[in-house]
1. So Ala162 ticks every box in (1) outside any strand (DSSP E or B); (2) within 13 Å of the ligand (Cβ to nearest atom); (3) more than 18 Å from Thr424 (Cβ to Cβ) but one. Which box is left unticked?
2. I'd like the full set of residues that are in contact with a Gly (Cβ under 6 Å, 6 or more places away or on another chain) and within 13 Å of the ligand (Cβ to nearest atom), limited to region 322-333.
3. Just need a number here: residues in region 301-321 that are closer than 14 Å to Glu272 by Cβ, of a type outside the set (A, V, I, L, M) and either within 16 Å of the ligand (Cβ to nearest atom) or outside any helix (DSSP H, G or I) (or both).
4. Quick check on my filter: what residues within region 92-126 are closer than 18 Å to Ala162 by Cα, within 16 Å of the ligand (Cβ to nearest atom) and not aliphatic (A, V, I, L, M)?
5. Can you tell me which residue in region 418-473 is surrounded by the most Cβ atoms within 10 Å (Cβ to Cβ), limited to those that are within 16 Å of the ligand (Cβ to nearest atom), under 17 Å from the mean Cα position of the chain (by Cα) and of a type in the set (Val, Ile, Thr)?
6. Given the criteria over 10 Å from the mean Cα position of the chain (by Cα) and of a type in the set (Gly, Ala, Ser), does Gly197 qualify?
7. Tell me the residue from Gly344, Gly336 that is among the small types (Gly, Ala, Ser), under 30 Å from the mean Cα position of the chain (by Cα) and at pLDDT 95 or above, please.
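The values are calculated or read from the model by the stated rules, or taken from the named source; none is laboratory data. This one's a predicted model, so the numbers in the text were calculated from it and none came from an experiment. As a convention, Cβ positions derive from the backbone with ideal geometry for all residues, glycine included, and neighbour counts pool all protein chains shown.
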Amino acid sequence: MKDFLRKSARELARALQTGELCSTELTRAYLDRIDALNPKLNAFLYVDREGALEAAKQVDADRAAGRDLPEFAGVPIALKDNMCQRGIPTTCGSKMLEGWKPPYDATVVKRLYAARMPILGHTNMDEFAMGSSTEHSAFGVTRNPWDPQRIPGGSGGGSATAVAALLAPWALGSDTGGSIRQPGAMTGTVGAKPTYGAVSRYGLIAMASSLDQIGPVTRTVADAAALQKIIGGHDPLDSTSLPDEKSCLLQAANEGSAKTDLSGMRFGLVTEMMGEGYSSGVLSVFRRVVEEIRARGAQITEVSCPSLDYALGAYYLIMPAEVSSNLARFDGVRYGNRVLPKSGPVTAETMMRATRETNFGTEVKRRIILGTHALSAGYYDAYYGSAQKVRTLVQRDLAAAFGQCDVLLSPTSPTVAFRFGENTHDPMAMYMNDIATIPANLAGVPAMTVPGGLSEGLPVGVQIIAPAHEDARMYKYAAVVEALAHSDGIQCPIDALEENA
Ligand code: GLN
């Protein structure tokens, strides 16, 4: 069974179709592995053993009866804990929602059900998706399977760890400023943020609505393309949802991985995404990948996007502004576990204050305060207004860059996974983790990470950024990078983990 756990979702789907394997066996194997390793890793906050096995059993019965099934029927998946699944505890990593069971399914969840994929459970995350290390979850840190003394990235550290440690073949994440891609880089997995609007946000508990996007967390580029196809497409329940994707994403990924001669392919390197702040180990892995690409005939151009120097600042105004508005609903009346004041009169206001004071963690409070301040009448133009102007400049700079190349390449994250506590004392140091991922969210363009190699024995991610609506191109070029960067695969050394589990 262990051999099967290493396989990609596409290989598993094939094994299920040919009858080499049944979904009940496969799902149980993942659940058993979660039981054995989760106490150490804390990747899952909730495991739905019964629900997953029931879904698997029905797929097996339908297959035995010769009924038509979708391609990935029976392949299990994990969900980040900010996507509503009816009847299943969904907490966003916060005490505010502890014990809450959504009364409805997110669109992505409905699509997973339609694809007949058993849902293994919900994965850990920084509270309300705010963070870059999964140290801000109210339910404990998630550990990086490459080195359990280190963070797995954030906010989606749970999904990334689950996929890296073979607790799930693939998972869903959400990316507001890098929460799919940065954990992907830190755990040696693949993570994609589709074009804004390509995947419905209906039922995703909002962080910053103009930046949030759901996307795949996988071990291969082809799996990510296949998963985006399953969860993506138009949804009338999300007013920012785009029309259905016309191109075949999986075919694009397959074309990319078959390529050996790269002439005619144009890669751009962004000057502002390679210099200051990036560790020398990360840069040397990145340069090695670039040289491989060049050696196979691709054109490499350096482009400059000066506005990117201000992208992090703009993000940390726009995002908290939206956070302060989106999180107003957690007041103990509309949503959230109600807390009454310990002393003094009980009024609506004192109750709301006690509820928010008790249930929100420090990072969430920091952002609500920052956002409320940035939106206040006297400061609106100086902060929020200026940030929106920078956002427009970032969009323009990236669009201009795509006039000179097909995709942009950069390191996904400026460093490899750091040790617990290393950045918690200094919010700015934590925010710097996102310098390479944030521009794609501000511009709404698709971007993904693939493992590029190792530095200090830890994974380094390479980011591929494509123009808006060119998700197929992103997958094609990412598959090229994947094939070059690690033809032997970058495998997480999980054997040691198992020994002392
Ligand atoms: N790390 C970033 C932040 O803290 C991104 C979060 C995200 O993408 N959800 O805001």
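1. Of everything listed in (1) outside any strand (DSSP E or B); (2) within 13 Å of the ligand (Cβ to nearest atom); (3) more than 18 Å from Thr424 (Cβ to Cβ), Ala162 misses just condition (2).
2. Residues of region 322-333 in contact with a Gly (Cβ under 6 Å, 6 or more places away or on another chain): 323-324, 330.
The answer is Val323, and nothing else.
3. The qualifying residues number 4.
4. The answer is Cys92, Gly93, His122, Thr123, Asn124, Asp126.
5. Checked region 418-473; the qualifying residue surrounded by the most Cβ atoms within 10 Å (Cβ to Cβ) is Thr449.
6. On the way: over 10 Å from the mean Cα position of the chain (by Cα): yes; of a type in the set (Gly, Ala, Ser): yes.
Taking the combined requirement at face value, the residue satisfies it.
7. Gly336
Okay, residues lined up against (1) touching a Ser or Thr at 6+ places or on another chain (Cβ under 9 Å); (2) surrounded by fewer than 16 Cβ atoms within 10 Å (Cβ to Cβ); (3) more than 29 Å from Ile214 (Cβ to Cβ); (4) not hydrophobic (A, V, I, L, M, F, W, C):
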{"position": "Ser241", "(1), (2), (3), (4)": "yes, no, no, yes"}
{"position": "Leu262", "(1), (2), (3), (4)": "no, no, yes, no"}
{"position": "Thr271", "(1), (2), (3), (4)": "yes, yes, yes, yes"}
{"position": "Gly281", "(1), (2), (3), (4)": "yes, no, yes, yes"}
